[in-house]
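Quick notes on the structure that follows.
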Amino acid sequence: METIKYDSHLHSDFSGDSDTPAAQMVVRAIVLGLDGLCFTEHEDPDVPLSDCDFRVDFDRYFSEMTRLREQYRGRIRIGVGMEFGIQPQLPEAFARLSRQYPFDFVIASLHNLNGKDPYYPSYFEGRAERDCYEEFFRVQYETLKACDPASFDTLGHMDYIVRYGPNRSKFYSYESYAEFIDPILRLLIENGKCLEVNTGGLKYGLGEPNPCAGVLRRYRELGGELVTVGSDAHEPEYLGYRFDDAAELLSGLGFRYYTVFEQRTGRQIKL
Ligand SMILES: [Zn+2]
Ligand SMILES: [Zn+2]
C-alpha cells in the first residue's frame, strides 16, 4: 500500500483563520516529500458572525500562487483551489465564482446554517444534540442539491458538526444517522462527485477522519469510489496529517485510489 502524497485541503493566511504564509506550507510539503498540495482557502460569503472575515482576495491569491509555482517549479505541484461555504441562498454566487477564476479544485463545505456556525458552542445552546446533527445533515443535503454540480469537485468534512457537539461523536455513528446521510452519499455518486476524507477529525481527537469510517464504508457500499484526501491544515505542522492512517483506512474499506484535481479535472492515484 502506498501512502498519500498529495494534500488536497489546506489553508494559509489568504483564509481569515490562518496566519501561515503560503510559502511556509509549500516548504513544509517539500520537507514531507509530498508530490503536491492544493490550497483551498475559505470563501464564506454571507456569514453573519463578524469574528473573522472569510473572504478571499482572489486577485492577490492568484498572483501569489503564480509566483510560488514559478519559484518551486519541478519540485512540487501547487494547486489553487477554494473551500466554498455553501448556504441555501448561495448556489448562484457559488456557480458564478467557480466559473470566474481558473481554480484547480473546489470543495463545497457546509459551515453555517441558519446564520450560525456549529464551531461556536452557542449553536447547541438550548437544543438537543441529535436535533442539531439531524438539521446539519438535512440542510447539507438540501443545499447541495440546489448547487450546480459543475460548481464543485468534492464535499468537504461531511460530518463537520460532530467535531463540536457537546458529546462530539460519542452518540454518533453512520447507523444512527443513516436516513440523513444516505441521500447525501447518493447525490454525490449520481453526480460523479467526490467525498472528502478530512484528517482534521483525527486532529480534533475524534479518533476518525471526517466523515467517520462508517460513512466511508457506506459510500463504498453504495458504489462510491471517488475520494479526495486533505488535512485541513491551517499551520504547517498539520500538513499531510496522519495520511498513512487515512491510506490504510481507505484501502481496508476497498477504495483503490484517491483523486487529485488540476484545472478541475480529476486524476486517480493508486492507494
Ligand atoms: Zn471547512
Ligand atoms: Zn478547511
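So the values come out like this:
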quantity	calculated
Residue exposure sequence - Thr228, Thr143, Thr66 - by fewest surrounding Cβ within 10 Å	Thr66, Thr143, Thr228
For the chain: Kirkwood Rh in Å [reciprocal of mean 1/r, alpha carbons]	18.5 Å
Cα centre as origin, Lys/Arg/Asp/Glu Cβ charges: the chain dipole, Debye	760 debye
C-alpha center-to-center spacing [the stretch 234-255, the stretch 158-181] in angstrom	20 Å
Cα coordinate range in the stretch 58-169, projected on the principal axes (Å, largest first)	52, 28, 20
Helix-only mean residue ellipticity at 222 nm for the chain, each DSSP H run of n ≥ 4 adding -39500 (n - 2.57), per residue, nearest 500	-10000 deg cm²/dmol
Subset of Lys145/Lys203; Lys116/Lys193; Lys5/Lys145; Lys5/Lys170; Lys116/Lys270 violating a 28 Å alpha-carbon distance limit	Lys145/Lys203; Lys5/Lys145; Lys5/Lys170; Lys116/Lys270
Phi to ³J(HN,Hα) by Karplus 6.51 cos²θ - 1.76 cosθ + 1.60 over the stretch 21-37, Hz, x for Gly, Pro	x, 4, 4, 5, 5, 5, 4, 4, 4, 5, 4, 6, x, 5, 7, x, 8
Spin-label pair Glu125/Val31, simplified geometry with 7 Å Cα→Cβ offset, distance in nm	4.1 nm
For the stretch 1-26 versus the stretch 86-118, the gap between their alpha-carbon centres in whole angstrom	19 Å
From phi via Karplus (6.51, -1.76, 1.60), per-residue ³J(HN,Hα) for the stretch 89-97 in Hz, x at Gly/Pro	8, 10, x, 5, 4, 5, 4, 4, 5
Farthest positive-ward along the chain dipole, Cα basis, beta-carbon charges - from Gln71, Gly16, Ala93	Gln71
Theoretical FRET efficiency, 1/(1+(r/R0)^6), r = Cβ-Cβ of Glu70 and Glu92, R0 35 Å, to 0.05	0.50
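A short reminder: the numbers here are calculations on the coordinates, not readings from a lab. This structure is a prediction, so every number in the text was calculated from the model and none was measured. Cβ sites come from the backbone with ideal geometry, for glycine too, and all protein chains shown count toward neighbours.
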